[in-house]
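Structure first, then comments.
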Amino acid sequence: MATLQELMAQRAALDQQIAETKDRERGDAVAKVRALMSEYGLTPADLSMRTPRGPKPASKVAAKYRNQATGETWSGRGLQPKWLKAALAGGAKLSDFAL
């Protein structure tokens, strides 16, 4: 059975071999990519796979309801606006505000 020191030495040797192999294979891959880029006339911009990040812009939804007195509108999505809640509480019907 191997001692802890022997195992640690083997581990260090393996880590070194892994690093050297990774560097060599990475270099080979870069050389292949450069050769293909040269062969097909590609530029780094052609290889760009970046996509815009961040939230997508919210799409506008057409208004379905309008307050005739103020011109305020509501699309029917989300919470009802205060002007509509107040009018509905006062006895108006939602269809009264439909466009």
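Values quoted throughout were computed directly from the atomic coordinates according to the rules given, and no laboratory measurement underlies them. Note that the structure is a prediction, hence the values are computed from the model and not measured. Methodologically, a virtual Cβ is constructed for each residue, glycine included, from the backbone with ideal geometry; neighbour enumeration extends over all protein chains shown.
Results, tabulated for the structure shown:
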{"item": "Mean Cα-pair separation over length for the chain, i.e. relative contact order, pairs under 8 Å, 6 or more apart, %", "result": "17"}
{"item": "Length released on extending from Trp83 to Ala69, taking residue separation times 0.36 nm less the Cα-Cα span", "result": "4.0 nm"}
{"item": "Karplus (6.51, -1.76, 1.60) ³J(HN,Hα), θ = phi - 60°, over segment 23-33, in Hz, Gly and Pro reported as x", "result": "4, 5, 5, 5, x, 4, 5, 5, 5, 5, 5"}
{"item": "Under-5 Å amide H pairs with Glu72, H placed in peptide plane, nonlocal only", "result": "Asn67"}
{"item": "³J(HN,Hα), Karplus 6.51/-1.76/1.60, whole Hz, each residue of segment 61-76, x for Gly, Pro", "result": "10, 4, 5, 10, 9, 9, 7, 4, 6, 10, x, 5, 10, 9, 7, x"}
{"item": "Computed FRET value (nearest 0.05) for Asp28 with Ala2, which takes r as the C-beta separation and R₀ as 30 Å", "result": "0.35"}
{"item": "FRET efficiency, 1/(1 + (r/R0)^6) with R0 35 Å, evaluated for Lys56 and Ala19 via beta carbons", "result": "0.25"}
